[in-house]
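Read through the structure below, which is laid out as structure tokens, and then see the notes.
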Amino acid sequence: DTAVSQTPKYLVTQMGNDKSIKCEQNLGHDTMYWYKQDSKKFLKIMFSYNNKELIINETVPNRFSPKSPDKAHLNLHINSLELGDSAVYFCASSRGAEAFFGQGTRLTVV
Amino acid sequence: GESVGLHLPTLSVQEGDNSIINCAYSNSASDYFIWYKQESGKGPQFIIDIRSNMDKRQGQRVTVLLNKTVKHLSLQIAATQPGDSAVYFCAENNEGGSEKLVFGKGTKLTVNP
């Protein structure tokens, strides 16, 4: 009964490839997020969706495209992966300000 | 602009001691604050929150103090245990604005047995 689940947990891929990370929440929340955590553990919001609509886009390169087929799912597609995209990506959901996080996807671009 | 920072990037304590983790924020419009705990290989987990109309809130073994005058937040952990070893983040939000949490840099707490 995981609240926020994302797959895969680990992703190793070559530069230039396109990859997707999936996220699902069973908390009934209206808002979902993608956060990026760099090697220094700094957490920064990338996107926020509310009821399938994009509400926050924090100047993320347009190689990153979130997609929300329904309010329980928010997937992240990344085109033309670069070395600097290597990080841990966290999906989260919330009803108010408190966010519930998934376990993270460690993306390594080689 | 917005910024949330931590005074100490690392903190090492002995088991049984009390721990204090500090956080400074600069957005005076922030009215809601959360402390998160992130264990190795896991996502951040909610510990305790506080709204700007309060200056102290207590949970089980944890206390959050908010000083709006100097824009300072602290997390106190009583009788620190090895299981408390993790990275701790403060996060701020302006509930009247976007539903966006801004995270601080994180403090790594190590509890020595």
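Per-structure values
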item: Total residues in the range A:47-66, condition open to solvent by less than 70 Å² (accessible area, probe 1.4 Å), assigned to a strand (DSSP E or B) and more than 11 Å from every other protein chain (Cβ to nearest Cβ); result: 3
item: Options B:Ile47, B:Ile34: the member that is closer than 29 Å to A:Pro8 by Cα, surrounded by 18 or more Cβ atoms within 10 Å (Cβ to Cβ), touching a residue at least 24 places away in the same chain (Cβ under 8 Å) and touching a Gly at 6+ places or on another chain (Cβ under 9 Å); result: B:Ile47
item: Residue that is nearest to the other protein chains (Cβ to nearest Cβ) [pool: residues in the range A:30-44 that are out of contact with any Gly (no Cβ under 9 Å at 6 or more places or on another chain) and open to solvent by 10 Å² or more (accessible area, probe 1.4 Å)]; result: A:Lys44
item: Filter pass, B:Ile50 being more than 11 Å from chain A (Cβ to nearest Cβ), out of contact with any helix residue (DSSP H, G or I) (no Cβ under 7 Å at 6 or more places or on another chain) and at pLDDT 95 or above; result: yes
item: Qualifying residue in the range A:19-26 (condition: over 14 Å from the mean Cα position of the chain (by Cα), touching a residue at least 24 places away in the same chain (Cβ under 8 Å), within 23 Å of B:Ile34 (Cα to Cα) and more than 12 Å from chain B (Cβ to nearest Cβ)); result: yes
item: Odd one out for B:Asn94 among (1) within 13 Å of chain A (Cβ to nearest Cβ); (2) surrounded by 18 or more Cβ atoms within 10 Å (Cβ to Cβ); (3) under 15 Å from the mean Cα position of the chain (by Cα); result: (3)
item: Among (1) over 22 Å from B:Ser85 (Cα atoms); (2) out of contact with any strand residue (DSSP E or B) (no Cβ under 6 Å at 6 or more places or on another chain); (3) open to solvent by less than 90 Å² (accessible area, probe 1.4 Å), the one test that B:Asn53 misses; result: (3)
item: Residue in the range B:86-104 that is touching a residue at least 60 places away in the same chain (Cβ under 8 Å) and closer than 16 Å to B:Gln14 by Cα present; result: no
item: Residues located in the range A:80-107, provided they are exposed (fewer than 14 other Cβ atoms within 10 Å of the Cβ) and touching a residue at least 40 places away in the same chain (Cβ under 8 Å); result: A:Ser80, A:Glu82, A:Leu83, A:Arg95
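The values are calculated or read from the model by the stated rules, or taken from the named source; none is laboratory data. Keep in mind the model is a prediction, meaning the values are calculated, not measured. A quick note on method: Cβ atoms are made from the backbone with ideal geometry, for glycine too, and the neighbour counts reach across all protein chains shown. To get the accessible areas, we keep the full protein, side chains included, count just its heavy atoms, and leave off ligands, DNA and RNA. Shrake-Rupley method; radii C 1.70, N 1.55, O 1.52, S 1.80 Å.
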